[in-house]
Each structure stands twice: as C-alpha cells, then as structure tokens.
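Here's the structure, in structure tokens; my notes come after.
What follows draws every value from the coordinates through simple rules; no lab data is involved. Quick caveat, the model's predicted, so the values are computed rather than measured. Here Cβ is always computed from backbone atoms with ideal geometry, including for glycine, and neighbour counts include all displayed protein chains.
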Amino acid sequence: MAFYRSHVLVCIDPECLAKGAHEIVDALQDEFVAQGLIDEIQVLETSRIGGCSGGPEMMVYPEGFHYHGMTADDIPFLVEEHFLKGRIVERFREVSKPIVDEELGPLRPKEVRIVLRNCGQIDPNNIEDYLAIDGYQALGKALFEMTPEKVIDEVLNSGLRGRGGAGFPAGRKWRLTRQVNDNPKYMVCNADEGDPGAFMNRRVLEGDPHSVIEGMIIGAYAIGASYGYIYCRAEYPVAVDTLNIAIKQAREFGFLGNNIFGTDFNFDLEVRVGAGAFVCGEETALMASIMGKRGEPNPRPPFPSVKGVWGKPTNNNNVETYSNVPQIISKGAAWYASMGTERSKGTKTFAVGGNVVKPGLIEVPMGITLREIIFEVAGGIKDGKKYKAVQTGGPMGGCLTEEHLDLPLDYEALSQAGSMMGSGGLVVMDENSCMVDIARFFMDFTQAESCGKCTPCRVGTRRILELLQKICDGKGQDGDIERLENLCYEVSRNSLCGLGQGAPNPVLSTLKHFRHEYEAHIYEKRCPAKVCRPLIHLTIQTPVCTGCTVCSRNCPVNAISGERRQAHLIDQAACIRCGICVQVCNFNAISVES
C-alpha cells in the first residue's frame, strides 16, 4: 500500500465540474509528475466540499487548507508555493467561513446515522476504504454462516420496510420473490430519485456506493437472483460514474461475478441510466425502462415478484433500503429493531428544505416528531417567522399544520394524517407561504410528469391544475372548491399508478387545513400571504418615497413614473407585480397589499 505525505481532494460536484474541476485534477497530476511529487501526493475526487459557489473547491490534507476559485493555469504556482515551499496561497484560500458540507455536515442533535454512516468519511472511489471499515464482511457472514432463508428471516425480523415510499416490508418482498418457481431472478435498485428537493439517495450513491452494492448482493443470495440492475437517472452523473467505478472494483475483488467468495453463488449487476421521467420511480415503469421500453406503469397483478424484468421474478428496493442490509446482517435484527416505533423500525433519511435555519440531509430514528426535526435538528424557522406547514412525502404527499407538530414520523401516523412518508422529502413553509400556490406548484409538477397512459391522470391532473391556476389568478368562482374536491377524488380512485393516485394529495390536504385561503382567493379576491401576483397591489407611500428613482430604473415594464426628489407613482394597469421595486427600494417605501 502506498503512503502519501499529502492528499488533495478536488470537488467534482456538478457546480464545480462546470467551473473546471476536471481540468484542475489533470493539471495537478501533470504538475506533480513534473515536480517529482507524484509518489508523495495523492489527488482524489470527492463529491462535495463546502457550498461549491466559489468552485472549483479543493482541500489539502493533513493541513486542512481549503482552496477555491483557481483555474488550471494557476496550478503550477499553487504547487510550487504550497507543496514545494510550504507557503499558503492566500488568494485562493477560503477563510471567511468555516468549511461546512451544506448537504450533510456534522452530526446534528437527535441524528443516528446508519445509511449515511460512511458518507464523507471514506473515498467512494476506493474499495479499500470500504474494506477498512468492515465492508463486505456482512456478505461473507451471509454466505458462510446463513442460509438464504435465514437471511430473509433476519431482514424480516429487523422490521426493515422499503424506503422508497410504500413501506412494504423488505423481508416479506424477498420471501415472495424467492418462493416463485421460475428462473432466472433479478435484483433491481431504484435510484431514480425524482422528488423536487430530494437528494438522499444521490448522496449515498456518491459517498458510499459499496454499501448499496453489498446490500444487493446479499439480497440476491437470499432470493436466488443471478443478475441485477441499478436504475439511476442521468441527472446524477457523479453518482453514475461512482457506481460504475465501484462495480468494476467489486468485480475485480471477487465480490461480483462467478463463484463469489469461492462458493457456487454467482451474481453480477450493471447500471442502467434513465432519462429522468418521474413516473419511472414507479416500479413497473422503471422495469419497462430497464428493458428499453417506454417508461409507463402496468396494471398489477402480476407483481414484479412474479413477473418483472424480462418477464421473470424480480425484487425491487431503493438505495436506502439496500444500504441498511449490511448493517442488519452484521449487527443483527434485534439491534435494528431497537430503533423506531412498533411498526416502523430503524432510521429514515430526510432532505429538509424550505424555510428552515439549517436545511440539508439528516438521518433520524423513526418515530421522531415533526417538532423535533424542524425546531431542533433543522434549527427552527428562518428569520424568526412563524411555522405554517410542512409538506412530507414529496409532490404526492400532504401538507401538515401546527396541530401535527407532535406527530410521530412513521408510515401509519403520516397516512392517517393525510400525508405519506414517501422517499423522505420535507419542505417546511413559513407564514408567508400561500397554500393555494403551494398546491398549484406540486400539481404543476405531477401533471407535467404524467406519462399519459391512463385518462384519469392525463386529463384529470390537467383539469385540477387549470382550476388551481384560475383561483391563483383571481378568477375563481363559487363552486370551484367543490369541483376541485370531486376531481381529486376521481383522479385518486381511478388512476393506474401511484403518481395519479397520489397527485391530488397536496390539494386535498391544503383544502382540509387551509380552506379559508381558498375562500379568500375566490370570494374576497385576495391572497392572504401576498404571493399570488394577480391578487396583490404595489403602492408607493408618498411620505416615505424620496424620489431616488431606483425603483423606476429597475422596473422591467416602466410602470413607475416620477421626477427625481419627488414621490413616484405606480401605474396599476401596467404593473406586472414582479416585486423588483420592493427588493431594490432602500427606504421601504413600497407596500404590498392584497
């Protein structure tokens, strides 16, 4: 094993890649060769350093210096100063703020990391890092100390449920697939993470790919599968590259392929890249896409456990589910089942976004309350504003209010409250959020992502979106709320797959908890949150306006007039309510009224 006096980590997050991260890596390698340092200093690529806004980002260890903003032309000077002369290059050094991973960061209060345990701690492109922390030990235990049935029993007894959203017991699904008398059998990993604001699976794939691969191999041994597919969206280029490197390394080390660990067990897998259709997160649509067909859902039964990829028995779980498996096999079902609630065991990753002080990726025990997540783990609401609602479960989840803050986060409790766990997205909203506009936003997303195969979803979501847009535009009429409710129930009951069945959830939940906002839009022609542009009016307060002309110079439609040093006026007929004047006014002279 080679030992290096220094390690240089270069961020290859998409934002840094766009600013020339790969050119930085190449330039470093070339310069280290030219200076005779290539055997002393190792260059590594990593998924994320800091916020990437000043990229390309670079960390130098063991000193822990953070450099950013350099180009390939700057590398010879940087290498000479830092690595040959031992001098810090201040013009590239980031010193204004602590180095923080904005997605993951240090362990927060209430966090328990199982799935995220290795992210940021190991080099994902080096299998030896994973082996050094007992990687593939669980696979060895499964192959030499456990029968396939025993593996399934262990996963079943752990209480692990599928983390893709439905929450079906993983061990039960494995057993159903194993019991089907047909071969070959397949393992599929759903890495098609499409919820807006969700990035849990991407981070695991980029930071700890071998945990997912090991979980899939153990699952393949349990059900008798001989081949597997990891279906990952093309928008995750770093994850795809990292997975392919990890699979190649696992194959070289004998963890994939024929006669794994010298046994008669054979299993191999590959990455299939999807084009980014949200509907391909639905398992039958995903499997159709793997086979090169149009990504459309199919009626069930038959379920994939009986007839999946290539018409053969197939087990499908998502990234987070498989990543839990090695730890369950290594530490035992009782250890995993000791966390969580009676029916929802273990931990869950969440991507917390929206109006919170500390957004990012967290992993907490099942059963934690929304209050704990929002006000302890995520630091509370930004700018001292009041909490209003949280959307759980992504675009097909529901909005939960203040009365749900002490709700334990598990599958049953969220379902009873009119929402869902989903893959783990949490969007927190403050008092300035318009819930009608929120419902419109999520319906706009799901309607655009409808595959169009079934009429209730294809046409119904379009009609719901049209009604919501009409209400947000101030054109709502008496009876629109009832029409919305009826449409939502019909779409939910009659759609073919989970996309159409869940698409009305944000509308129904906001109607239930914020009906007064819909009524204000329709009957009073106002938006209480002052968000919906057609329902707000911008006016200049004459006594406050100094006539500085900043607002008129920045108005994109020339709706503001007035002489310098004199109060200005807004032409309401020309104003498009973009709000730019409010942002640029230095005297708070422009009021927003609804």
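With contributions of -39500 (n - 2.57) from each DSSP H run of at least four residues, the per-residue ellipticity at 222 nm computed over the chain stands at -10500 deg cm²/dmol. Sorting the segments 208-215, 530-537 by their residues' average number of neighbouring beta-carbon atoms within 10 angstrom, most packed first, yields 208-215, 530-537. Taking other residues whose beta carbon is less than 9 angstrom from the beta carbon of LYS110, and scoring Lys, Arg as +1 and Asp, Glu as -1, yields -2.
The trypsin sites (Lys or Arg not before Pro) of region 244-327 that DSSP puts in a loop, and whose beta carbon has at most 12 other beta carbons within 10 Å, are LYS293, ARG294.
Each Cα pair under 8 Å and six or more residues apart adds its sequence gap; the mean of these over the residue count of the chain is a relative contact order of 11 percent. Each residue in TRP174, TRP310 was given a count of other beta-carbon atoms within 10 angstrom of its own, and listing them fewest first yields TRP310, TRP174. Which net charge results when you count Lys and Arg as +1 and Asp and Glu as -1 among the other residues whose beta-carbon is under 13 Å from that of THR401? Around THR401, the charge tally is -1. One chain, two ends: PHE253 and VAL584. Fully extended at 0.36 nm per residue, the span grows by 113.2 nm beyond their Cα-Cα distance. Each DSSP beta bridge with both residues in the chain is either parallel or antiparallel, and the antiparallel ones are about 55%.
Would you work out if region 127-337 is rounded, prolate or oblate? Take a ≥ b ≥ c from the square roots of the eigenvalues of the alpha-carbon gyration tensor; rounded if a/c is under 1.5, else prolate when a/b is larger than b/c, oblate otherwise. Rounded.
Contact order, relative form, for region 435-523: 39 percent (alpha carbon pairs under 8 Å, 6 or more residues apart, mean separation divided by residue count). Listed from fewest to most Cβ neighbours within 10 Å, the set TYR523, TYR4 follows the order TYR523, TYR4. Near SER338, once Lys and Arg are set to +1 and Asp and Glu to -1 for all other residues with Cβ below 11 Å from its Cβ, the sum equals +2. Aspartates and glutamates near LYS141 by alpha-carbon distance under 18 Å, same-chain residues fewer than 8 away left out - which ones? Qualifying aspartates and glutamates at Cα under 18 Å: GLU149, ASP153, GLU154, GLU214, ASP264. Specify whether the C-alpha gyration tensor of the chain places it in the rounded, prolate or oblate class, a ≥ b ≥ c being the square roots of the eigenvalues: rounded for a/c under 1.5, otherwise prolate if a/b is larger than b/c and oblate if not. Judged from the Cα gyration tensor, the chain comes out oblate (a/c at least 1.5, b/c at or above a/b). In terms of distances greater than 27 angstrom between alpha carbons, the cross-link table entries LYS388/LYS475; LYS475/LYS530; LYS382/LYS530; LYS385/LYS470; LYS173/LYS331 yield LYS385/LYS470.
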